[in-house]
Amino acid sequence: MAGLVERLKGRLESYRVPGYYRQFEHHWAMVIDLDKCNGCGACVVACRAENNLPVVGEKECDMSRAMNWLRIERYVEGEYPNVKVKFIPVMCQHCDKAPCETGCPVFATYHNQDGLNVQVYNRCVGTYTCAVYCPYDVRRFNWFSNKTDKPLDQQLNPDVSVREMGIMEKCTFCIQRIRVAKDTAKDEKRGVKDGEVTPACVQSCPANAMAFGDLNDRGSAVAKLARSKRQYRLLGDLNTAPSVIYLKRVMESAVAHEKHEEGFGGVGFR
Amino acid sequence: MREDITYKEVNDDVVRTMTQTGKGYYALMVLMALGVFLCWGVPWAYQIYVGQGVTGLNHPDFWGIYLANFVFWIGISHSGTLLSAILFITKTPWRRSIYRSAEAMTFFSVLTAAIFVFVHMGRPWNFYWTMPYPTQREIWTSFQSPLMFDVLAISTYMTSSMIFLYFGSIPDLAAVRDRVTGWRKDFYGALALGWRGTDSEWRWLMRAYTFFAVLIIPLAVSVHSIVSWDFALSKVPALNKTIFAPYFVVGAIYSGTAGIVILMAILRKAIKMEKYITSRHFDKLGMLLLACSLLWTYINVLEVYTGIYANTSYEIESLIYRMITTPYSYLYWFMILTNSVLPLLYIFKRWRVSIWVTVAVSVGITMGMWIERYLIVATSLPRKFLPYMWHDYAPSLVEILMTIGSFMFFILLFLLFIKLWPSVSIYEVKEDLGIPGGKEH
């Protein structure tokens, strides 16, 4: 009888406590340095290739149904010749207090123990609540069944599924690559090393503007960069606690850059 | 009502509506059935087969006319609850001849609304995953989600309003059973559950009816509050407001009452119930509509005012978008005209008792309330936080057809109702008439 009470007590304590994701091994985060980003869009293309994103066609893109998990947002200010173009790559921010997670009635989106906001494709019934609730508009819906014509189907990544129609999808921080790294580390009986996991966008950036890693590891590149004076979160006042940290663009020329940032200048991101 | 109507006349009139059918009725039935097939069955099947892409939805406008219709029909469903339950508790006499049709309106509009839940889903063949049942995968539904509140609230409301309608009809079904022959006798005999009209049976019935009336009022308030929280629990600037629950409930009572006015006006002529539904009813309903209109106007002004003094850039942008820069701005001002300005005619009794004016204003109100639901969805999602993703929404042909089809479905159900069910409450009308020849006694 006493054992039963102990077991029940233990079980009650083991249920989720707030901030559970901070207690686990990893808290995956990404840092994007807007000083270095030049808006080339290589990350967008890499994401499409890695995650089997379908081409929806010109007519659908006109209707704003483009299937880009990662987009380069462009804002143009001013009149010619004093035009300023601002751009920022936006993907799923993997908010720690995500509005989308509470909206889904079937648990197709929830916060996993690595700090990622995961989307379970085969559970999604397509109520669109998560997409309406997302303040960053990062979720993409499969409006039709998108077929990839031959021979382009040979380009599809075998590690990632092809989603059927009626399912919501979004950036996963390349969870397939995270899974491979964690499995390898587990086989070799060690932790995941900093720089072992690189999502497709981080891998393809020619300007080294993106860094990815574990915020729980205080020595990792992302943890160091996240302590920068220029750091901010997108729409931070909404209190969604995103895992994507942006470094504010402060300079107009490369010369002023080094004055703003200490310990920067070419430290390896990967 | 005329004082000289006899009890027999009441029974005769109601049974006549159920046994005598003109050609016009059959013609309308066939038309509605065809309309439901063409405007609902075919587009919906096409949508399920090809995908949700046949709608006008896009990124970021993930909710469109289907959700607007859903909220609209749930709103209409509050008519019966208001008339039947609230006015029963307050012992209001003029409710007696119209409440049965209002209750039926409630049930049918909840059914229509529930259909739109399935229509708007991306993978509707998996709809049962939203029901909380124990599965072998040991996964339940997420009760944090306002859509789960919806599932529970609407299914509760549907069953309660059905039982409410049925219980209140039992004596009438028995009265019909005693007058008809053939298959109808067996049908109503089964439905009447062996009602004999004894004193204890009446007492039990009134207890059950009162219980349901008291239960269904907070249920109706909670159902529409929950539907409003689908929107209010989001972070979308135009939707994330605490006023949404009262706003929707007031809007529901408003549109529901307007719906009753239209329905009563049609029923009067269609099944020849002019004796029982008189200008007195329209007078009282008009007063109710005036009160609702003033309340609705107040809440709308509040929304604009609180938006202005909140003074965040996205709040101001969503206000300006909704009222001025959206392609639907003409709809917004039309709605203000029909919902806030025209009902002021109801201040004058001369226009309240005129059935034409009452019905015309009510038609305007119903249109205005539909527009309001549409604007809530279609002018809020295009203006979320990141301007790069701003994009307007326009419904596609499939969506428009399904909207029209839903109205036809509702009318079809109602046509079946007036033929198969006593659409005017016999025993309550008799209560209103008093004891026959009563003045001398």
Sort out which residues of the stretch B:122-149 are part of a helix (DSSP H, G or I), touching a Phe, Trp or Tyr at 6+ places or on another chain (Cβ under 9 Å), facing chain A (nearest Cβ under 8 Å) and in contact (Cβ under 8 Å) with a residue 40 or more places away in the chain, and write them in order of number.
-> B:P124, B:P146
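Can you pull out every residue in the stretch B:247-295 that is in a loop (DSSP other than H, G, I, E, B) and over 12 Å from B:I355 (Cα atoms)? Spell out how you get there, then give the answer.
Step one: of the stretch B:247-295, the residues in a loop (DSSP other than H, G, I, E, B) are B:271-278.
Hits for the stretch B:247-295 are B:I271, B:K272, B:M273, B:K275, B:Y276.
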Would you be able to say whether some residue in the stretch B:77-87 is closer than 20 Å to B:F282 by Cβ, more than 14 Å from chain A (Cβ to nearest Cβ) and without any contact (Cβ under 8 Å) to a residue 40 or more places away in the chain?
-> yes
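Could you look through the stretch A:224-238, keep only residues that are part of a helix (DSSP H, G or I) and touching a strand residue (DSSP E or B) at 6+ places or on another chain (Cβ under 7 Å), and pick out the one that is nearest to A:A98 (Cα to Cα)?
Step one: list which residues in the stretch A:224-238 are part of a helix (DSSP H, G or I), which gives A:224-226, A:236-238.
With touching a strand residue (DSSP E or B) at 6+ places or on another chain (Cβ under 7 Å) added as a condition, the list becomes A:225-226.
Numbers: A:L225: 23, A:A226: 20 Å.
Within the stretch A:224-238, the match that is nearest to A:A98 (Cα to Cα) is A:A226.
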Any idea how many residues of the stretch A:67-87 are more than 17 Å from the chain's Cα centre (by Cα) and free of Cβ contacts under 8 Å to residues at least 40 places away in the same chain?
-> 11
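Counting just the residues of the stretch A:134-151 that are basic (K, R) and in a loop (DSSP other than H, G, I, E, B), which one comes out modelled with the lowest pLDDT?
Of all residues in the stretch A:134-151, those basic (K, R) come to A:139-140, A:147, A:150.
Imposing the further condition that a residue be in a loop (DSSP other than H, G, I, E, B) reduces the set to A:139, A:147, A:150.
On the way: A:R139: 95, A:K147: 83, A:K150: 86.
Across the stretch A:134-151, the extreme among qualifying residues is A:K147.
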Is it the case that the stretch B:377-399 has a residue that's more than 14 Å from every other protein chain (Cβ to nearest Cβ), in a helix (DSSP H, G or I) and crowded, with 18+ Cβ neighbours inside 10 Å?
-> no
If A:Y136 satisfies every condition in (1) free of Cβ contacts under 8 Å to residues at least 40 places away in the same chain; (2) of a type outside the set (S, T, N, Q); (3) surrounded by 23 or more Cβ atoms within 10 Å (Cβ to Cβ) but one, which is the exception?
-> (1)
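Of these, B:W356, B:W351, which one is surrounded by fewer than 24 Cβ atoms within 10 Å (Cβ to Cβ), assigned to a helix (DSSP H, G or I) and either within 14 Å of another protein chain (Cβ to nearest Cβ) or under 24 Å from the mean Cα position of the chain (by Cα) (or both)? Write out each step before concluding.
Working: B:W351 fails: either within 14 Å of another protein chain (Cβ to nearest Cβ) or under 24 Å from the mean Cα position of the chain (by Cα) (or both).
B:W356 is the lone residue from the list that is surrounded by fewer than 24 Cβ atoms within 10 Å (Cβ to Cβ), assigned to a helix (DSSP H, G or I) and either within 14 Å of another protein chain (Cβ to nearest Cβ) or under 24 Å from the mean Cα position of the chain (by Cα) (or both).
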Selection from the stretch A:166-199 of residues within 14 Å of another protein chain (Cβ to nearest Cβ), over 17 Å from A:G115 (Cα atoms) and in a loop (DSSP other than H, G, I, E, B) yields A:G166, A:I167
Mind listing whichever residues of the stretch A:98-133 are at the interface with another protein chain (Cβ under 7 Å from one of its Cβ atoms), surrounded by 23 or more Cβ atoms within 10 Å (Cβ to Cβ) and not in a loop (DSSP other than H, G, I, E, B)?
-> A:G103, A:T129, A:A131, A:V132, A:Y133
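The values are calculated or read from the model by the stated rules, or taken from the named source; none is laboratory data. Note that the coordinates shown come from a computational prediction; the quantities given were computed from them, not determined experimentally. Methodologically, a virtual Cβ is constructed for each residue, glycine included, from the backbone with ideal geometry; neighbour enumeration extends over all protein chains shown.
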